[in-house]
Amino acid sequence: MNTLIALCIAPCGTGDEYAPYVAEIVRIIRKSGLPNRTHAMFTEIEGEWDDVMAVVKEATEYLTNKGLRTEVILKADIRPGYTHMMENKPLAVEKILQAKDGKP
């Protein structure tokens, strides 16, 4: 079942500098081979439910295995029969914006 998630994984109590931890988490996500996009606050990942959740687990365990308290924020769009949602959802909005009156 195709799943699109928005994911934020971060350590708690490590001071102000999260970038090294986030970079390693993004590396784990990219290594998975699943379609993904990293933004300022979330990373989107798309794929089959079990594959996506396996990446979430691996990325989370990267921090917890270091003994770090870890915060995970996850939002999922599970839409059977649909694929390429990461590309198609923004395109649908752009199509409306580019329409003559811009109204749905």
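What follows is calculated from the coordinates using simple rules that are stated; it is not laboratory data. All figures in this text were calculated on a predicted structure; none of them were measured in a lab. When we count neighbours, we look across all protein chains shown, and the Cβ atoms used for this are built from the backbone with ideal geometry, even at glycine.
Structural remarks
- Normalised by residue count, the chain yields a Cα convex hull volume of 115 Å³ per residue.
- Contact order, relative form, for the stretch 2-98: 43 percent (alpha carbon pairs under 8 Å, 6 or more residues apart, mean separation divided by residue count).
- Close Lys pairs in the stretch 2-98, defined as Cα atoms under 17 Å apart and 8 or more places apart or on different chains, number 4.
- Listed peptides 40-47, 19-26, 85-92 by packing density, highest first (mean Cβ within 10 Å): 40-47, 19-26, 85-92
- Here the residues Thr14, Thr70, ranked from fewest to most Cβ neighbours within 10 Å of their Cβ, fall in the order Thr14, Thr70.
- Dipole check for the chain: with +1 at the C-beta of Lys and Arg, -1 at the C-beta of Asp and Glu, and the Cα centre as origin, the magnitude is about 240 Debye.
- Cut-off under 5 Å, modelled amide H: who pairs with Thr83 long-range: none
- Among 30-36, 59-65, the peptide with the highest mean count of other Cβ atoms within 10 Å heads the list, and the full ranking is 59-65, 30-36.
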